[in-house]
Amino acid sequence: MTRTQRRPWRGLPATPQDPSKPRLTTSAMIASLAGADQRTSPAPFGRALVELGRTRPEVLGLTADLAKYTDLHIFAQAHPDRFYQMGMAEQLLMLAAAGLAHEGFVPFVTTYAAFASRRTFDFISQGIAEEGLPVKICCALPGLTTGYGPSHQATEDVAIFRGMPDLTIVDPCDALDIEQAVPAIAAHDGPVYMRLLRGNVPLVLDEYDYRFELGKAKRLRDGAEVLIISSGFMTMRALEVAKRLEADRIGAAVLHVPTIKPLDEATILAEAGRSGRMVVVAENHSVIGGLGEAVATLLLRNGVVPPRFRQVALPDAFLDAGALPTLHDRYGISAEAMSANIKGWLG
């Protein structure tokens, strides 16, 4: 392909409007993940970082021209003397954070997940991870959380970062998870990559007596027929699916894995080792190189063989642009699609 050639537009083809569903507009490309009647909490990352900054003066906020779009602008308003706008220069952003960390600060840096993983990998590896610096890289638009197409859909970010030594990877589910993860990753003596949900973020885990612990998986509900191991907002989907399956007298357990690296191997092996249950790993990420492959490898190495093992994940492809609800249905990560698939796998 030459510089003057362009790939064809990858938007969704025109389809008849379903009269039973609300008409989707362009704003649905960046819509909240929350359902129509679902509880939300505004900007949990920004608010949690403001609270952390009140007791920890070494905490800084840096961004690459995306403060408003990663909720870091709230921290900038509360602590303007500790906020740095680096412009559209992600590589500079990472190495500036590394330099500040060398001087005893704890920088929280924000950008989009696609930019951090694709544009700055070498700078994070050599400037931050190899040095063991406490830089916290918090990135919006992970996986399929935007309809703006492959340039912004970081469907392979976990696969890219899982191979980096000494880098902790966190994928929180909801607003509560994010609020509790912020002080936890700040206390961790080392670099962290956290996938970030922004704006009005769904709130679901407060109904399950949940508390975030770095490196720990948590079983949210039990069930005899299927175990769903999930991370990120797919845990929210898994809980919705479990309620749908319950109506069909199918018991579905949900194990939330907010820390993808290091993996809570003991808990996963204990849950997956219970006899008779199909294991389904659900993630907002490519089927290649993410939580699904990490769990599959763990089970194989330890001789744990469930009756069936399946993945709910995004395909190994550059995805389409379009409205998020449509894309989630198309790629099988909506509650409806996930429920149908699991019932089909169970037969």
Need pairs with beta-carbon distance below 8 Å; first residue acidic (Asp, Glu) and within the range 224-235, second crowded, with 24+ Cβ neighbours inside 10 Å and not in a loop (DSSP other than H, G, I, E, B); sequence gap 6+ or separate chains. Glu225/Ala252
Quick one: count up the residues across the range 316-338 that are open to solvent by 50 Å² or more (accessible area, probe 1.4 Å) and within 22 Å of Ile229 (Cα to Cα). 4
Failed condition for Ala187, given (1) assigned by TED's automatic domain parsing to the domain that holds Thr70; (2) open to solvent by 20 Å² or more (accessible area, probe 1.4 Å); (3) in contact with a strand residue (DSSP E or B) (Cβ under 8 Å, 6 or more places away or on another chain): (3)
Report, ordered by the first and then the second residue, all pairs with beta carbons closer than 8 Å, sequence separation of six or more or different chains, a first member in the range 127-147 that is more than 12 Å from Val109 (Cα to Cα), and a second member that is part of a strand (DSSP E or B) and among the charged types (D, E, K, R). Pro142/Arg195; Gly143/Arg195; Gly143/Glu283
Counting residues that are more than 23 Å from Phe115 (Cα to Cα), which strands (runs of 3 or more DSSP E) fully inside the range 39-95 reach at least 3? 40-42
Pro80: passes all of (1) over 28 Å from Leu205 (Cα atoms); (2) surrounded by 15 or more Cβ atoms within 10 Å (Cβ to Cβ) but (2)
Just need a number here: residues in the range 98-113 that are in contact with a helix residue (DSSP H, G or I) (Cβ under 7 Å, 6 or more places away or on another chain) and touching a residue at least 40 places away in the same chain (Cβ under 8 Å). 6
Residues in the range 193-200: is at least one assigned to a loop (DSSP other than H, G, I, E, B) and of a type in the set (Gly, Ala, Ser)? yes
Does Ser41 qualify as being touching a strand residue (DSSP E or B) at 6+ places or on another chain (Cβ under 8 Å) and either touching a residue at least 60 places away in the same chain (Cβ under 8 Å) or over 30 Å from Gly289 (Cβ atoms) (or both)? yes
Among Gly127, Gly163, Gly132, Gly143, the single one that is at pLDDT 95 or above, in contact with a Leu (Cβ under 8 Å, 6 or more places away or on another chain), open to solvent by 10 Å² or more (accessible area, probe 1.4 Å) and of a type outside the set (Phe, Trp, Tyr) is Gly127
When you look at Ala114, is it over 21 Å from Ala154 (Cα atoms), open to solvent by less than 20 Å² (accessible area, probe 1.4 Å) and not polar (S, T, N, Q), yes or no? no
Quick one: which of Ala340, Ala323 is out of contact with any strand residue (DSSP E or B) (no Cβ under 8 Å at 6 or more places or on another chain), in the same structural domain as Ala253 (by TED's automatic domain parsing) and free of Cβ contacts under 8 Å to residues at least 12 places away in the same chain? Ala340
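Of the residues that make up the range 90-98, is at least one closer than 25 Å to Pro142 by Cα, polar (S, T, N, Q), within 24 Å of the chain's Cα centre (by Cα) and at pLDDT 95 or above? I'd like the intermediate steps shown before the answer.
First pass over the range 90-98, keeping only residues closer than 25 Å to Pro142 by Cα: 90-98.
Of the ones still in play, those that are also polar (S, T, N, Q) are 91.
Of the ones still in play, those that are also within 24 Å of the chain's Cα centre (by Cα) are 91.
So of that shortlist, the ones also at pLDDT 95 or above come out as 91.
Checked against the condition, which is being closer than 25 Å to Pro142 by Cα, polar (S, T, N, Q), within 24 Å of the chain's Cα centre (by Cα) and at pLDDT 95 or above, the range 90-98 yields at least one hit.
The values are calculated or read from the model by the stated rules, or taken from the named source; none is laboratory data. Please read all numbers here as calculations on a predicted model, not as lab measurements. Note that we place each Cβ from the backbone using ideal geometry, even for glycine, and neighbour counts take in every protein chain shown. For accessibility, only protein heavy atoms count, side chains too; no ligands or nucleic acids. Shrake-Rupley method; radii C 1.70, N 1.55, O 1.52, S 1.80 Å.
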